[in-house]
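The values are calculated or read from the model by the stated rules, or taken from the named source; none is laboratory data. The model shown is predicted, which means the values in this text are computed figures rather than measured ones. Here the Cβ positions follow ideal geometry from the backbone for every residue, glycine too, while neighbour counts run over all protein chains shown. These area figures cover heavy atoms from the full protein model, side chains too; ligands, DNA and RNA do not enter into them. Shrake-Rupley method; radii C 1.70, N 1.55, O 1.52, S 1.80 Å.
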Amino acid sequence: MNTKKLTRLSLLTALALIIFIVEAQLPPIAPIPGIKMGLANIITLVALYMYGPKEAFTVLFLRIILGNMFSGQVSALMYSAAGGVFCFAVMCALYKILPRDLIWVVSVFGAIAHVTAQVFVAALITETPAVFWYLPLLLVSAVITGAFTGLCAYYCLKRWNK
Amino acid sequence: MLKSNIKWVLIFALLCVLCITLHIVHTKGKSGKLAVIKKDGETVKTIDLSAVSEPYEIRIESDNGYNIIYVEKGKISIKDADCPDRLCVKQGTIENGAYPIVCLPHRVTVSIEKADGEVDAVSGGGAE
Amino acid sequence: MKKIIYMLSALLALTSLCSCSTPVKEAQKTVYAMGTVMELRAYGKNADAALSAAEDEITRLDALLSRGFVNSEISEINKNGGGEVSADTKAILQKGIKVSDKTDGAFDMCIAPLVDLWGFYSKEYHVPASAEIAEILPKTDYNNLIFGGESVNLKNGAELDTGGIAKGYLSNRVIDIFKENGVDSAIISLGGNVQTLGKKADGSLWRVGIRDPEGGLLGTLEALDKAVITSGGYQRFFEEDGKTYHHIIDPQTGMPAESGLVSVTIISSDGAKADALSTAVFVLGKDKGVTLWKNEGDFDMVLMTDEGNIFITEGIKDTFQSDYDFSLITKE
């Protein structure tokens, strides 16, 4: 790993952390647990398209662990991690298949995977199967926020990489 | 490229319509009167909401903090909590079984179920 | 990079090692006495104090009334063929004799020697020979019990046993102690003898299930300041030569009662009365039980016959619920 790459990845991790923590401080956009913008995913997408799955996963992993510690939401780590990992797996599978212009589609699928995993974990941990009834609403929000973060990543990549 | 963009927009739009329909169908016609408060998946309290005469509060303590549950006739809400996001409080009042109130940081859920034969004690049930 | 990931993983593992549970505020106590498990639940400011006072009372009455303790009041009376009685024994005798009179001795506080003969106290069960029973029957007539208000006399070598009413009397006492301590909501189960006080914290009534002899519940009902006490042959029995013998002995025959009922539940504001009546009605059977109910009128019943039919009296028709069909008994 050369110094330039290390520096860039560090920078991306720092950026992701900042976005994550700032977003955690913002008031929720809807009074339903699990709905959030997921802006930090922009950075995961950028890392994925710039360097590949291995590097992107490192950035994601560090962001989730550190982010939850910094924002004092250790109890939310399980949901965050489950959603993050599943989302990442889906995005990795898709980013090779779909053309680069369709980052937003990759992102939407990632967001869908994210909320689905979160609902599963929430239902498991609280042992309340009724939590699954949140899924339709969460899917709608995933489509909207996923498309938004995907487009953000698309324009970021356009400027940084030319 | 524009074409494939439109294709995906349509697919996702369809998904959204489907989800919203499902949501509306599910929310409608839900009734229930038995509120179940769970912590860590274990029922800590069951309340017959139709039998509540005066509103009252229940405090649920967990390792991560507290939730104050407000019980009224036919409805229930989380009035206050010290969880980081306070989403459970913002979620407001529920009066049917469509959605539970969930406080993920404290692992507390408040749901409404159909009242069934839950009993407080069993006569003739003791070991002689 | 790897080292950092390992370190973070270790941190993550550490932080996830938290979260236990603390229960919602409610005072609860389990007491082992009178050969059974007693569950007490009380709500209110002084619930804790009320529970310890109740436990003291349970221990006191257990020591006073037990036939098993050599020094108990009951043992002394049996040893001496009578004697003066304390206020508690007096109250129990008054209530018990009233039920005996009304049920022609189907409830009998002199039954102990028969129950002994069958081995239900010693748990060395065996079916006695009919000659053995015939020999002992004169002893176990409730008319051998002469109660003079302050003292009791036992004729024909009879022995006094309050076992059929003591738990009901005790549950009355526990509820009284709760009230004295400012508890306004409670439910207790003294080995399956349920008694309730007031309403639940949410304003609804206590819901009491009645055990189905076959398992599960035969029904449920709401109880406001009521004792719900069930007698059933299923509660204690043994098998010999392929036949089942249960612990409720008919004082007339000296044999386990065969009245066609398998479970009798009495709902009454008086726990002692409900306790005695549940045994008596089990011995008497459905028809005589219904006549008794019509004459008395201050209690309700849930009866289950050996054919599985359920009958309830009209006083509980609004709150009784069952998965099975049931018939209503009215006074007409």
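What to note about this one:
- Divide the volume of the convex hull around the Cα atoms of the protein assembly as shown by the residue count and you get 200 Å³ per residue.
- Note on B:101-108: average number of Cβ atoms from other chains within 10 Å of each residue's Cβ is 6.
- Derived from the Cα gyration tensor, the three semi-axes of the equivalent ellipsoid of the stretch B:31-113 are 19, 12, 12 Å, largest first.
- ³J(HN,Hα), Karplus 6.51/-1.76/1.60, whole Hz, each residue of the stretch A:117-132, x for Gly, Pro: 4, 4, 5, 4, 5, 4, 5, 5, 5, 8, 6, 10, x, 4, 4, 4
- Here the Karplus curve 6.51 cos²θ - 1.76 cosθ + 1.60, taken at θ = phi - 60°, turns the phi angles of the stretch C:50-61 into couplings of 4, 5, 5, 4, 5, 4, 4, 5, 4, 4, 4, 5 Hz, with x standing for Gly and Pro.
- Distance (nanometres) between label positions extended 7 Å along Cα→Cβ at A:ALA93 and A:TYR155: 3.1
- Calculated FRET efficiency, C:GLU240 to C:GLU307, Cβ-Cβ distance, R0 = 22 Å: about 0.35 to the nearest 0.05.
- Here r is the Cβ-Cβ distance between C:ALA63 and B:ILE68 and R0 is 60 Å; the resulting FRET efficiency, rounded to 0.05, is 0.85.
- Taking Cα atoms only, the orientation of helix C:2-15 departs from the longest principal axis of chain C by about 30 degrees.
- Placed amide H near C:LEU217: partners under 5 Å, 5+ positions off or other chain: C:ASP212
- Residue order by solvent-accessible surface for A:CYS156, B:CYS16, C:CYS110 is A:CYS156, B:CYS16, C:CYS110, largest first, with ligands and nucleic acids left out and a 1.4 Å probe.
- In the assembled protein chains, C:SER278 presents an accessible area of approximately 0 Å² (probe radius 1.4 Å).
- For chain A, the longest principal axis of the Cα atoms and the long axis of helix A:53-70 meet at an angle of about 50 degrees.
- Normalised contact order of chain C, rounded percent, pairs of Cα under 8 Å and 6 or more residues apart: 16
- Across peptide B:9-20, the mean count of Cβ atoms from other chains lying within 10 Å of each residue's own Cβ comes to 4.
- Chain A, dipole about Cα centre (Lys/Arg Cβ +1, Asp/Glu Cβ -1), debye to the nearest 20: 740
- When the protein assembly as shown is described by a simple charge dipole with +1 on each Lys and Arg Cβ and -1 on each Asp and Glu Cβ, the residue from A:MET91, B:THR43, C:MET38 located farthest towards its positive end is A:MET91.
- Going by accessible surface with a 1.4 Å probe and the largest first, A:ASP101, B:ASP120 read A:ASP101, B:ASP120.
- Net charge dipole size for the stretch B:31-113 [Lys, Arg +1 and Asp, Glu -1 on Cβ; Debye, nearest 20]: 160
- Close amide-amide hydrogen proximity is noted between B:LEU104 and no other residue 5 or more places distant or on a separate chain, at a cut-off under 5 Å (H modeled in the peptide plane; Pro and chain starts excluded).
- Evaluating 6.51 cos²θ - 1.76 cosθ + 1.60 at θ = phi - 60° for every residue in the stretch C:281-292, the Karplus couplings come out as 5, 4, 6, 6, x, 5, 4, 5, x, 5, 4, 4 Hz, glycine and proline recorded as x.
- The charge dipole of the protein assembly as shown, taken about its Cα centre with unit charges on the Cβ atoms of Lys, Arg (+1), Asp and Glu (-1) only, comes to about 5700 debye.
- Per-residue shielding of C:204-213, expressed as the average number of other chain Cβ atoms within 10 Å of the residue Cβ, stands at 5.
- Over the stretch A:3-160: Kirkwood hydrodynamic radius from C-alpha pairwise inverse distances, Å: 15.6
- Spin-label model, A:PHE132/C:THR253: points 7 Å from Cα along the beta carbon direction are separated by 5.5 nm.
- The largest accessible area among A:LYS4, B:LYS3, C:LYS331 belongs to the first residue in B:LYS3, A:LYS4, C:LYS331, and the rest follow in falling order (1.4 Å probe, all chains).
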